[in-house]
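These notes are about the structure you will find just below.
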Amino acid sequence: MSDDTPPSRKHLDHEEVKELSAPRAPVIHEVVRRQGEEELDRPNGSLFWSGLAAGITIMASVIAQGALHHRLPDLPGRDVIACFGYCIGFLMVILGRMQLFTEQTIVTVLPVMAQPSWQKLWGTARLWVIVFVANMLGTAIAAAMNVKLRLVGDSLLAAMLEVAGRALDKTPSELLTQAIPAGFLIASVAWIRAALNNGEFWIVLALTYTIAIGEFTHVIAGAAETFLLLFAGRIGTGQAAMTIGLALTGNVIGGTGLFALLAHAQVRQEL
């Protein structure tokens, strides 16, 4: 049987299908890989200042969550609503294209996986160190300003410390294992964002709200809380360092050890 469909209609159908089809996994992989290549080429100063801005900005999550916790009546479901405040800092940082360490656990790793070399491995290590140090410095500055300079009222600061203090109830093993899902979820932001042309706001909101409602441990937001507790005299330097170190390890396992490896493995034979 012959195909009587006019050539123009065939072309139109093909273009419509192409336009409406979701991008294939290898295409998403390539988009994220190229983004990683661009990040690796950025100068040290740009990475540092962007990471510092992200560390300071992420404190907005602690402030917003503390403010909601303080303002909402003490009724069932208060914490479920207050967790939306946790998303604020992440929305500001990720949509503002600031350097957040946990996003880089996949973005700058895919170029190394795709074409392994010592040069790319060194470039990834350089970016990780600069961004992580800048993030930590930013969170420390923001925490010190809130505690020492009283940028927020006493009642709000007390609520922020109450929210931050929940991490003190976790054992070291819980801090580590509960950081793995957080690393996985944040690493997935870059992958999902590459697959969609819009809806970025809702992607970040949904994934970071999941971190908050699941009480998972995110090293940068968690560092903002940890430094608050440190400068307020609630914990010592050793406990603060242990908390951040365990969260860092879990986030890297979840972001690079799980998500990045799985994202690359599913398309490796198609590259």
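The values are calculated or read from the model by the stated rules, or taken from the named source; none is laboratory data. Predicted model, so just to flag it, every value in this text is computed and none were measured. Positions of Cβ are backbone-derived with ideal geometry, glycine not excepted, and every protein chain shown enters the neighbour counts. For accessibility, only protein heavy atoms count, side chains too; no ligands or nucleic acids. Shrake-Rupley method; radii C 1.70, N 1.55, O 1.52, S 1.80 Å.
Descriptive notes on the structure:
- In degrees, nearest ten, helix 179-195 long axis to first principal axis of the chain (Cα): 40
- Seen against the Cα atoms of the chain and their longest principal axis, helix 44-57 is set at about 60 degrees.
- Accessible area (Å², per residue) of the chain, counting only protein heavy atoms and a probe of 1.4 Å: 50
- Cut-off of 10 Å, at most 13 other beta carbons, DSSP loop: longest stretch of the chain lacking such trypsin sites (Lys or Arg not before Pro): 151-271
- Since only Q239, T217, P111 are under comparison, the one whose Cα sits farthest along the positive direction of the charge dipole of the chain, derived from C-beta charges on Lys, Arg, Asp and Glu, is Q239.
- Percentage relative contact order, the stretch 134-231, counting C-alpha pairs under 8 Å, at least six apart: 52
- Counting only protein heavy atoms and a probe of 1.4 Å, the accessible surface of the stretch 172-271 is 63% carbon and sulfur.
- Low-density loop positions, GluC sites (Glu not before Pro), the stretch 199-271 - DSSP coil, at most 16 other Cβ in 10 Å: E215
- The HN-Hα couplings worked out from phi for the stretch 240-250 by the Karplus form 6.51 cos²θ - 1.76 cosθ + 1.60 (θ = phi - 60°) are 5, 5, 5, 4, 5, x, 5, 5, 4, 4, x Hz, whole numbers, x standing for Gly and Pro.
- The amide H of I235, built 1.01 Å from its N in the peptide plane, has L230 as neighbours under 5 Å, considering only residues 5 or more places off or on other chains.
- Size of charge dipole - the stretch 26-151 - debye, nearest 20, with Cβ of Lys, Arg +1 and Asp, Glu -1, no other charges: 300
- Options (i) 7, 28, 32, 18, 9, 4, 2, 1, 0; (ii) 7, 32, 39, 20, 2, 0; (iii) 7, 25, 27, 19, 13, 8, 2, 0 - which one matches P(r) over Cα pairs in 10 Å bins from 0, in percent as calculated here: (i)
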